[in-house]
Every structure is written in structure tokens, then in C-alpha cells.
Amino acid sequence: IGGENKHYGTPTNPAVPARVPGGSSSGAAVAVAANFVDFALGIDTTGGVRVPAGFCGILGFRPSHGAVSHLGIIPISTSLDTVGWFARDPSILRRVGHILLQAPFVVQRPPRQIIIADDCFQHINVPLDRSSQVVVKTTEKLFGRQVLKHINLGDYISSRIPSLKGCSAHKTNGEVKASSLGLLANIMQFLQRHEFKHTHDEWMNTVKPDLSPSVSTQLHDKFEVSDVEIENSKSVRSEMRSAMNLLLKDEGILVIPTVADPPPKLGGKEILSEEYQNRAFSLLSIASISGCCQVSIPLGFYDKYPISVSLIARHGGDRFLLDTLQTVYTTLQELADIASKSKPSENVISKEQSAEFAKEKGNQAYKDKQWQKAIGFYTEAIKLCSDNATYYSNRAQAYLELASYLQAEADCTKAISLDKKNVKAYFRRGTSREMLGYYKEAIDDFKHALVLEPTNKRAAAAAERLRKVFQ
């Protein structure tokens, strides 16, 4: 993962020469970062492209598992290996992708949802206004605030992957990894080690290759595997792919940090520590286990080290992800540059984060049909951040369930004043007005919703129903 090589020497990281370049595809990443080549190929099993892309400050793409042929590569872990690539220019990254993926032409479409994994950004060594907030502001500028969603990814994974509970027996140095992302990281390393030994054990025992101490320890330690552990790990992999595909669907993007820490010093022991690797692999396992595609995007420097974020799309969404990168890249760089020159605004950010958590609690209460409780959470979100149209629109929906039509209408009107393209607010206000007897105004709202979203069947049905009443 560090990219250091005891046999041939370690390639120099052009971004920070005293730090490791990241690996395993360190040479390929350095060749691109040093501007020797326009692009280079690399193998990403558990982060071999994504980590060096993050450490060297360049673009790195891990395709969906199986999307690019493995012909000609020496397998490490057949269920995790992918052939990825690096570039400095998003246009080149995309052109290489179109050739390697052999993807059929499809009309470029904007993302329907950009989901920020808030819990993944909570423990990184970069302020939020230099990482996730740059993506938030880019999304608002290009697609509108209604596209944004925040999630606690660890909780989502825990609720959607029942087989993960059976993996708590996997231990590292005698300690169970408790978090769902930590368990996922453990499964990834377990699969990598098991599949490598299955493929190469005979060669290892015959040739007895000269290995670096860290690699030798991993491969020669006693490693007993039961059929139950193997089957359970495969179940986790299958459930994880289903869970991610359900979350992202065809046009969703998940946003996470590429790496949790800056590149460690050359020759240092930090990168070999269990704590460091747990933090790194918890993030890297998301795409590796699910088989989803992921692109690492540089966001300049913080504290003299390259920083980056990653966008993840569902398995098979490679072309959509490359298209989305092409759309957002320039704005991301512009806003990252502005953020690097401005003073950090951590208090404002923390209020926005708190508001999003309150909204998510409101959404859950709404799903549980606890309308009054949902209203309380949405009100809390509004108090923390009063200029977010979604909070008002969501509270209006809860008011509708309680037949509080005046309050629902008022909230929708406020939401529309903040976001003229909020389709849900127009539909909900139309519903409120219909129930209050303001039929003409209700028809106008339903028609407005249809102008913004012509495929909205509920708005079309409501407008048609009221039109017949007036005939």
C-alpha cells in the first residue's frame, strides 16, 4: 500500500518527494504525476490504483470488477483484482476508459443523487471545507441542492448486510473490529490472503522468494481457513454489491475520502501499523468488496500534502462515472482553490453537518410513520440551517400526514422561495391547496411540477383530476 520496493528502489513521489508514493502501482502513478506519460495502467485489488492516485495528487480510476479483461495479469485475488488507470486530465482518463471498457455509447446524463458519506469524513486529517464541502458546493452549483443527500454509510451497511454479523470472529492481533466498515476491511484482507495462497502457495513453498519483512509476515503466518468463513465472506461480498446498487441505482454517486491520512514518510513504520491500515482499508474496502467503480480526484494540497476525494458509482456504472467526472472536475478544482485561500469555517460546517443528521433522523421517523417526531427533527434541521429548501419541503410532507394543511402550504411556499426548482415542494403545496379548496392554485402548482419534471405521474394525475372537476 505504501509503494516501497526493496528490490528496485521506491519511485519518487513528485508531489512530496520525502513521502511514499502509494502502491502497489507506484511506478505507474509516479510516471503520470511526473508528466512522463499521459496515462498509465495499474492493478487495483485493495487500493493499488486509488492510494497512489491520492498520494501523488492525480486522477485514478478503479473500474467495476470484471469490466476490464484480466488477461495477461498475474492474479493476486481473483474476486478483488481490477485493471485500473491514472491520468492528470479527466478527458484522457475518460478516453482511456471508453477504450478499455468497450462500453456502448449512451447519452450523458447528470446524477440524480450525490450522497455524502458523512461518517467517512469525520475522522480524516483534512477539514471538511477542504474535502466534502467542496463536493457539496460543486453539486449545488452544477445540479442544485435537491440532488444532495447525506448518509451514515456504516449504519447503512450494518443494516443491509446481515452476513457481516457472522464475521465478527475475524480478528486482528486478538481484537475484534467492531465497526461495519472495519469488518468489511477485514473481510477484504481475508479474501485477498486466502485467494493469493490458493493460487500461489505451491510456488511460494517451492521457490521460497526473497520478500520484504511486512509481506513475508502476512504470507507465512499460520492461516487456517474454514469453509464456513469462506462462504460467509462470499455472502458479504454478494450482499454488499446488492446494498450499494440499491443505494446508488443507475444515476447515484457516493462521495468518500480516498485515503484517511497524508502519505507517510519514506522508510517509516507508520504505514505498517494496524491502526493506519485499518483506517485506510475501511475506506478502500467499500468499492473492493462491492465491485463498484471508483475515481479518485485530487483537490490540491492541505498542510503541504496532496488531498483528494473519491466518487463511487454502482457496479457497471463506469461510463456514467467517467462522464460525471468530466462534468464536475473543473468546478471542483475552482472551488478547491478558493477553499485553500480562505480561512476555515468549521463552525458553519459543523452546523450544516448537524442539520443533515437531524434531517436523516426525520426521514427515518417519517418512514416509521412517526409524523410528529419527524416534524421535530425537521424543525431542528431548520433551526440549524434555515436556508435549505429540502428541510421545509420534508416537514411539509409530515404536516400533510397529520392533515395540517396550512402549515404544509406555508412550508412549501418557503421551500419554493429558496429553490425554484423544488418539484416536491410544488407537488406538496398543490396537495395542501387542493385539500384547503384552493383548486385553481393547486392546478397551477401541479402544472409547475410537471414543467420541471414532465415524467412525474403523480403530478399529472392530480392535475388531470382537478381539471375534470372544473369541467
Karplus (6.51, -1.76, 1.60) ³J(HN,Hα), θ = phi - 60°, over region 87-98, in Hz, Gly and Pro reported as x: 7, 9, 9, x, 5, 5, 4, 6, 5, 4, x, 4
Cα-based reach from K351 at 18 Å (exclusive), listing aspartates and glutamates while leaving out same-chain residues under 8 positions away: D118, D119, D129, E140, E360, E380, D387
Radius, Kirkwood style, for region 349-470 when every pair of distinct Cα atoms is counted (Å): 14.4
Residue-count net charge about V16 - beta-carbon cut-off 10 Å; Lys, Arg +1, Asp, Glu -1: +3
Cut-off under 5 Å, modelled amide H: who pairs with A40 long-range: F86
The chain - Kirkwood radius from inverse mean 1/r over Cα pairs (Å): 23.9
Whole-Hz ³J(HN,Hα) from phi, Karplus 6.51 cos²θ - 1.76 cosθ + 1.60, for region 273-285, glycine and proline x: 5, 4, 4, 4, 5, 4, 4, 5, 6, 4, 6, 5, 5
Exposed-loop-free span, longest in the chain, where chymotrypsin sites (Phe, Trp or Tyr not before Pro) count as exposed if DSSP calls them loop and at most 11 other C-beta atoms lie within 10 Å: 106-471
Distance between region 67-83 and region 381-450 - C-alpha centres, whole angstrom: 51
Cut-off under 5 Å, modelled amide H: who pairs with C293 long-range: S64, A313, H315, G316, G317
Volume per residue that the Cα convex hull of region 270-406 spans, once the total is divided by residue count, Å³: 187
Long pairs among K137/K420; K361/K447; K249/K383; K149/K468; K341/K424, criterion Cα-Cα beyond 27 Å: K361/K447; K249/K383; K149/K468; K341/K424
Largest-first ellipsoid semi-axes for region 176-293, taking √(5λ) over the Cα gyration tensor eigenvalues, angstrom: 27, 21, 12
Percentage relative contact order, region 349-470, counting C-alpha pairs under 8 Å, at least six apart: 16
Distance between modelled label sites at F301 and T379, nm, 7 Å Cα→Cβ extension: 5.0
Largest to smallest principal axis extent of the C-alpha atoms in region 1-89, angstrom: 35, 31, 19
Inter-probe distance in nm under a simple model that places probes 7 Å from Cα toward Cβ, at T330 and V107: 2.3
T78 paired with N205, simple spin-label distance in nm, labels 7 Å along Cα-to-beta-carbon: 1.9
Karplus-derived 3J(HN,Hα), 6.51/-1.76/1.60, for each residue of region 381-389, Hz, glycine and proline x: 4, 5, 5, 7, 8, 7, 10, 9, 4
Whichever aspartates and glutamates have a C-alpha closer than 14 Å to that of K367, once near sequence neighbours (fewer than 8 apart) are set aside: E401
Neighbour net charge for T413 - beta-carbon separation under 14 angstrom, K R +1, D E -1: +1
Amide H contacts under 5 Å for G23, placed H, 5+ residues apart: G2, G3
Residue-count net charge about Y366 - beta-carbon cut-off 12 Å; Lys, Arg +1, Asp, Glu -1: +3
When the convex hull of its Cα atoms is projected in every direction, mean area for region 86-212 (nm²): 13.4
Extension gain, L402 back to Y8 (0.36 nm per residue minus Cα-Cα distance, nm): 134.8 nm
Cα-based Rg / Dmax (Å) for region 1-149: 16.9, 52
In Å², nearest 10: area of E352 left accessible to a 1.4 Å probe: 60
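The values are calculated or read from the model by the stated rules, or taken from the named source; none is laboratory data. Predicted model, so just to flag it, every value in this text is computed and none were measured. Every residue, glycine as well, gets a Cβ built from its backbone with ideal geometry; the counts of neighbours run over all protein chains shown. The accessibility values were calculated without ligands, DNA or RNA, using every heavy atom of the protein model including side chains. Shrake-Rupley method; radii C 1.70, N 1.55, O 1.52, S 1.80 Å.
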